[in-house]
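Novice: I'd like to ask some things about the structure below.
The values are calculated or read from the model by the stated rules, or taken from the named source; none is laboratory data. The structure displayed is predicted, hence computed values, not measured ones. So basically every Cβ, Gly included, is an ideal-geometry build from the backbone, and we count neighbours across all protein chains shown. Quick note on the areas: whole protein, heavy atoms, side chains included, nothing else; ligands and nucleic acids left out. Shrake-Rupley method; radii C 1.70, N 1.55, O 1.52, S 1.80 Å.
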Amino acid sequence: MNSIRNNIIKYIKTNRVSSTEMSDVLSKKGAIYSLRPINYQEARHKVGKIKCVFAYNNSNFLIHDEIKKVKETDIVIIFGKKMNKRSIIGELIAKYILLYKQASAIVVIGNVRDLPKLIKEKYSIWCEGFNPVGSNNNNTGSFPAKERNKILKKFEGGIAICDSTGVVVVEKSLISNKLLEKIKFIE
């Protein structure tokens, strides 16, 4: 599967297959709704293998350990639960993921903070919104195991396409030569 996934990612990247086109390939599915790039002028086309990371109960404590496993060119998707609209990450975590770990992009299903710095650095981040109130950094429990496992099974190792329109994800189970042929046809 790694070789098929790599071929699909390479084709999408080389041909700049958009999130819109990818949604069409997936029969008008795959979008993570309400996500927008933090800076439309710098919203470059990004594609990569999905790495799932989790935040829970007003804390980004879990993220700090999980981001150590991020690989170069991954697209990190951060799933938050019970965050009460607090920002899940800010400039420090974004810098670590994008600069030091060399991930392609960050997708936050939730809010981010430090917007002026994130824009200035031209970080590739898609999120729901912004809030200056950040998360705590203490252990407030674990992301619910059943939900976490379901997310990992569905998305970890899948493919994400991010551009100025939004984010589309290809579930791991859909990665195949047949999918690559559909992408080539639409392109």
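Novice: Charges on Cβ only, +1 for Lys and Arg, -1 for Asp and Glu, centred on the Cα centroid of the chain; of L92, L115, I77, which one is farthest towards the dipole's positive end?
Specialist: My answer, from the dipole projection, is I77.
Novice: Here is a further query. What FRET efficiency would be calculated for the residue pair N2, H64, taking the C-beta separation as r and a Förster radius of 30 Å, to the nearest 0.05?
Specialist: FRET efficiency, N2 to H64: 0.65.
Novice: What residues qualify as long-range amide H neighbours of V107, i.e. H under 5 Å apart, gap of 5 or more or another chain, H built at 1.01 Å from N?
Specialist: So V107 has HN proximity to V76, I77, I78, W126.
Novice: Suppose accessible area is computed on protein heavy atoms with a 1.4 Å probe; arrange R113, R86 from highest to lowest.
Specialist: On the way: R113 95, R86 70 Å².
Accessible-area ranking of R113, R86, largest first: R113, R86.
Novice: While we're on this one: Per residue, how many Å² of accessible area does the range 9-73 show with a 1.4 Å probe?
Specialist: For the range 9-73, the per-residue accessible area is 53 Å².
Novice: Could you bin all the Cα-Cα distances of the range 1-149 into 10 Å bins starting at 0 and give me the percent of pairs in each, rounded to whole numbers?
Specialist: Taking all Cα pairs of the range 1-149, the binned fractions are 11, 40, 36, 12, 0 percent.
Novice: Considering only Cα-Cα distances, which of the following residue pairs are longer than 22 Å: K49/K117; K49/K150; K29/K178; K68/K95?
Specialist: On the way: K49/K117 26 Å; K49/K150 18 Å; K29/K178 17 Å; K68/K95 13 Å.
Too far apart for the 22 Å limit: K49/K117.
Novice: Given labels modelled 7 Å from the Cα in the Cβ direction, how far is it in nm from E42 to Y100?
Specialist: In this crude label model, E42 to Y100 measures out at 1.9 nm.
Novice: Subtract the Cα-Cα distance of L92 and S176 from 0.36 nm times their separation in residues, and report this length gain in nm to one decimal.
Specialist: Using 0.36 nm per residue and subtracting the Cα-Cα distance, I get 26.6 nm.
Novice: Determine how large the accessible area of V170 is when every protein chain is in place; take a 1.4 Å probe and give Å² rounded to the nearest 10.
Specialist: The value for V170 is about 0 Å².
Novice: Here is a further query. So if each residue of separation counts as 0.36 nm, and I subtract the Cα-Cα distance between N136 and S164, what length gain in nm does that give? Walk me through the numbers on the way to the answer.
Specialist: Numbers: separation 28, 0.36 × 28 = 10.08 nm, distance 3.03 nm.
Going from the current span to full extension adds 7.1 nm.
Novice: What FRET efficiency comes out for E187 versus E72 if R0 is 35 angstrom and r is the Cβ-Cβ distance? Round to the nearest 0.05. All intermediate terms of the calculation are to be shown ahead of the outcome.
Specialist: Numbers: r = 26 Å, r/R0 = 0.74.
With a Förster radius of 35 Å, E is 0.85.
Novice: Which entries of K82/K182; K69/K182; K101/K153; K122/K146 show an alpha-carbon separation above 28 angstrom in the structure shown?
Specialist: Exceeds cut-off: K82/K182; K69/K182; K122/K146.
Novice: On the protein heavy atoms, probe 1.4 angstrom, tell me the percent of accessible surface of the range 14-143 carried by carbon and sulfur. Walk me through the numbers on the way to the answer.
Specialist: Working: 2990 of 6350 Å².
That share works out to 47 percent.
Novice: Which cross-chain or sequence-distant (5 or more) residues have an amide H under 5 Å from the amide H of I89, H modelled 1.01 Å from N in plane?
Specialist: Excluding prolines and chain starts, which carry no amide H, the hits are R113.
Novice: Restricting the count to DSSP beta bridges whose residues both fall in the chain, what percent are antiparallel, rounded to a multiple of 5?
Specialist: The antiparallel proportion sits near 40 percent.
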